[in-house]
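Undergrad: First the structure, which I've put down as structure tokens, then a few questions once you've had a look.
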């Protein structure tokens, strides 16, 4: 536990109806200064270099073009070149995860949340499983909804969220979503989910794409926090007569 001060009751009250807790994976369940995303990013560049016989700079430029136009490099490769998604996903997620350390505070905070917990990622299921294992979170979640389950259509496409709701029987009006990319919370908020944007701590290195780094509060973002485990600890509903749980977050 972080021993942070409790969240105000008016924030906890916004989550008391939640039955399903939904978490993005990359740069949400681990911080944006982790070396995991740069490793995946480099593998994507290498995949393009090998596929098209390009130099590093050209591969990088093509990768960013696909990402900005299609939401993921994979979607661009599939639409324009009919690339096998299995080959791509296996290659880009074949990385060293030894830098990951178990996050016992986060595991305890997630375990204390009442109801179901799910991972919803644009990455692969295998990547999510291995990453969650490295973080000591693999026992915390009921299931993983990955890019294959979404029919290879990434967030923030509205159809992908609807597939997620249907597959797992999620009532969005009784669900909360935690995500590091602001635009990925637009549809969840519109569907009735309680949304929280997870941002880097002040001064923390951020390896994400510049377009993914929006930190400002927008209408589709209910809360913003730079301390996910502290925020979740503060959402734990105390039993009658028990003291409020410790926790911390940034209300918006």
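The values are calculated or read from the model by the stated rules, or taken from the named source; none is laboratory data. Everything numeric in this text was worked out from a predicted model, so none of it was measured. With ideal geometry, Cβ positions are generated from the backbone for all residues, glycine too; neighbour counts draw on all protein chains shown.
Undergrad: Select from segment 122-150 the residues that are under 18 Å from residue 87 (Cα atoms), surrounded by 21 or more Cβ atoms within 10 Å (Cβ to Cβ) and in contact (Cβ under 8 Å) with a residue 40 or more places away in the chain and list them in ascending order.
TA: 122, 123, 127, 128, 147 - these are the residues of segment 122-150 that are under 18 Å from residue 87 (Cα atoms), surrounded by 21 or more Cβ atoms within 10 Å (Cβ to Cβ) and in contact (Cβ under 8 Å) with a residue 40 or more places away in the chain.
Undergrad: If we scan segment 117-125, do we find a residue that is under 16 Å from residue 149 (Cβ atoms), in a helix (DSSP H, G or I) and in the same structural domain as residue 174 (by TED's automatic domain parsing)?
TA: Narrowing segment 117-125 to residues under 16 Å from residue 149 (Cβ atoms): 118-125.
Then keep just the ones that are in a helix (DSSP H, G or I); that gives 125.
In the following step, the residues that additionally are in the same structural domain as residue 174 (by TED's automatic domain parsing) were identified as 125.
Within segment 117-125 (the criterion being under 16 Å from residue 149 (Cβ atoms), in a helix (DSSP H, G or I) and in the same structural domain as residue 174 (by TED's automatic domain parsing)), the answer is yes, since at least one residue qualifies.
Undergrad: Tell me the residue from 55, 26, 13 that is exposed (fewer than 13 other Cβ atoms within 10 Å of the Cβ) and in the same structural domain as residue 149 (by TED's automatic domain parsing), please.
TA: The match here is 13.
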